[in-house]
Amino acid sequence: MLRVLAVDDEVHALSELAYLLRQDNRVEQVLTASDGVTALQDMVAMIGAGDRLDSVFLDIRMPGLDGLDLARLIGAFPSPPKLVFVTAHDDRAVQAFELEAVDYLLKPLRPERVAEAVRRLESATYGPSSGEAAMDDVIPVELSGRTSFVPQHAVSYAEASGDYVRLHTAEGTHLVRMSLAALERRWAGSGFIRVHRSTLVSARHVTEMRFDEGRIVLRVGATTLPVSRRHSRRVREQLVRQFRGALPPVAESFARGIAPLGADPVAPGQ
């Protein structure tokens with residue numbers, strides 16, 4: 001069960017959020033704080049006492065230490081609690097997800113939406129429950145003053161681009177201010193594979209794997225992506241595990257590309 005801290009400078013909003021969280025049988029304890037400084041002090045005291053804190057439900061616009069600044073401080077903790085932002089404003093979604101928030105709730109709160117945030121938290125903290133599919137995350141993308149959300153399942157691969165990540169989908173590409181390492185952590189266990197220091201690929205979108213002059217090459221849609229020697233063995237093993245038992249033509253193309261599964265034609269460690 002989850003132990004959470006709710007932070008909001010508005011008394012009524014804090015009471016409503018705490019009430020909704022306490023109605024959820026997946027939540028063990030709900031602590032509250034009415035400002036960012038008090039919340040930070042409470043968390044430091046909990047860490048010192050060895051108490052567990054799984055998540056912080058955090059209002060963004062607060063006097064003094066606002067929610068985004070507090071979130072950045074929380075991110076420096078050795079084992080930071082997961083973040084859910086709660087706000088009446090939808091113009092901070094991109095910044096919130098840059099801080100690896102699990103969810104972003106808009107006021108006025110709806111009980112079913114709070115329950116969904118708790119489900120996401122539980123899945124992110126303990127993994128999907130038995131019989132539950134992993135949640136399909138979304139990444140907010142801001143363009144020309146508008147925020148759209150790119151679902152995880154639509155992303156075929158992602159490339160590092162300086163301080164940004166470029167998400168590739170069938171509809172086009174989207175540039176997001178986030179490191180590739182942060183995206184890899186966020187989508188760990190969701191079928192995304194690091195194939196190169198600058199490339200993360202969705203296994204579900206891979207249609208072919210072949211050897212080209214001793215190097216592994218993947219086909220993702222109409223794009224071919226090289227696999228670095230450093231990542232080749234793990235990529236091959238993960239793809240074979242994922243597609244073992246798949247129906248043709250995917251299984252056939254993989255069987256042709258892999259050749260003897262016990263062989264390792266690519267020298268590791270480079």
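Observations
- Taking a ≥ b ≥ c as the square roots of the eigenvalues of the Cα gyration tensor, an a/c ratio below 1.5 marks segment 1-127 as rounded.
- Our note on the geometry: Cα centres of segment 12-39 and segment 50-89, 13 Å apart.
- Ordering of 178-185, 97-104, 229-236 by burial proxy (mean other Cβ atoms within 10 Å per residue, highest first): 97-104, 229-236, 178-185
- Modelled FRET efficiency - R0 35 Å, Val94 with Ala115, Cβ distances, 0.05 increments: 0.90
- Ranked by how many other beta carbons lie within 10 Å on average, peptides 52-62, 8-18, 68-78 from highest: 52-62, 8-18, 68-78
- Gyration tensor verdict on segment 1-59 (Cα atoms; rounded if a/c is under 1.5, prolate if a/b is larger than b/c, oblate otherwise): oblate
- Computed lengthening from Phe149 to Arg230, 0.36 nm per intervening residue step minus Cα-Cα distance: 25.9 nm
- Using a Förster distance of 41 Å, the FRET efficiency for Asp51-Arg197 (Cβ separation, nearest 0.05): 0.60
- Sorting 191-202, 107-118 by average packing, meaning the other beta carbons within 10 Å per residue, from highest down gives 191-202, 107-118.
- Cut-off 17 Å (backbone N to label point 7 Å along Cα→Cβ of Val11), residues of segment 37-77: 63
No value in this document is a laboratory result; all are computed from the given coordinates. Since this is a predicted model, take the numbers as computed values, not measurements. As a convention, Cβ positions derive from the backbone with ideal geometry for all residues, glycine included, and neighbour counts pool all protein chains shown.
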